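The numbers here are math on the coordinates, done by the rules we state, and not lab data. The structure presented is a predicted model; accordingly, all values stated were derived computationally and were not measured. Backbone-built Cβ (ideal geometry, glycine too); neighbour counts: all protein chains shown.
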Amino acid sequence: MSAFLGVRSLLYVILLPGTVAGYVPLLILRSSNDAVPPTLSTATVLAACLILVGGCVLLCCVWDFFRVGQGTLAPFDAPRRLVVTGLYRFTRNPMYNGVLAVILGEAWLFRNIAVLEYAGLIFVMFHLWVLVYEEPALDTQFGASFRAYRRAVPRWGFTGRPFVFVETTQS
């Protein structure tokens, strides 16, 4: 794997989820009159944990795209191999789930309805993107392998039984 792929992966993390889960919520909080500065409490600790878990989920998925898929999270620089390892064994969209967890954690941490509404909007946009672009593109690129994965692993929920990819070779 190339260092250039690693640099691209890091750049796209900063540009894409960094914008969606970091910069835009910051803008919302700055323009909001009802943002509450966090004080130390059980709720703020739990909110911070949700943000941390979401960020870790995102980074684990980016790592799997880099290591297994030999690509990045950017649609124009996508993995060249179907990624069905790590968190992808339990849900088809863990990266989006991680980004949503970060945004929901921010809404909770600052007790801000506008950021919560933004999280809802982002979920709808993610869902439409998956339906309209991602799943058709994965089906075209990976065919039967993706269809088997799609049947076994839920789009947004989680399965308790991890998906095991069995590559078939035809002779």
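Just checking, how many residues over region 9-45 are of a type in the set (A, V, I, L, M), under 30 Å from residue 74 (Cβ atoms) and in contact (Cβ under 8 Å) with a residue 60 or more places away in the chain?
Going through region 9-45, the residues of a type in the set (A, V, I, L, M) turn out to be 10-11, 13-16, 20-21, 24, 26-29, 35-36, 40, 43, 45.
Checking the rest, the ones that are also under 30 Å from residue 74 (Cβ atoms) come to 10-11, 13-16, 20-21, 24, 26-29.
Then keep just the ones that are in contact (Cβ under 8 Å) with a residue 60 or more places away in the chain; that gives 13, 20-21, 24, 28-29.
Residues meeting the conditions: 6.
Give the residues of region 34-60 that are under 10 Å from residue 109 (Cα atoms) and surrounded by 15 or more Cβ atoms within 10 Å (Cβ to Cβ), sorted by residue number.
35, 38, 44, 47, 48, 50, 51
Test residue 53 against the stated conditions and say whether it is among the hydrophobic types (A, V, I, L, M, F, W, C) and closer than 21 Å to residue 138 by Cβ. Explain how you work it out, then say what you get.
Numbers: among the hydrophobic types (A, V, I, L, M, F, W, C): yes; closer than 21 Å to residue 138 by Cβ: no.
No; evaluated as a whole, the condition is false for this residue.
Those residues that are in a helix (DSSP H, G or I), among the β-branched types (Val, Ile, Thr) and over 16 Å from the mean Cα position of the chain (by Cα), I need them from region 116-171; list them, please.
132, 140
Could you grab the pairs with beta carbons closer than 6 Å, sequence gap of 6+ or different chains, first residue in region 124-140 and free of Cβ contacts under 8 Å to residues at least 60 places away in the same chain, second one not hydroxyl-bearing (Ser, Thr, Tyr)?
Pairs found: 138/146; 139/146.
Tell me, yes or no, whether region 69-88 has at least one residue that is part of a helix (DSSP H, G or I) and surrounded by fewer than 15 Cβ atoms within 10 Å (Cβ to Cβ). Don't jump to the end; show me each part of the working.
Within region 69-88, the subset part of a helix (DSSP H, G or I) is 75-77, 86-88.
From what is left, the residues that are surrounded by fewer than 15 Cβ atoms within 10 Å (Cβ to Cβ) are 75-76.
The answer is yes, given that some residue of region 69-88 is part of a helix (DSSP H, G or I) and surrounded by fewer than 15 Cβ atoms within 10 Å (Cβ to Cβ).
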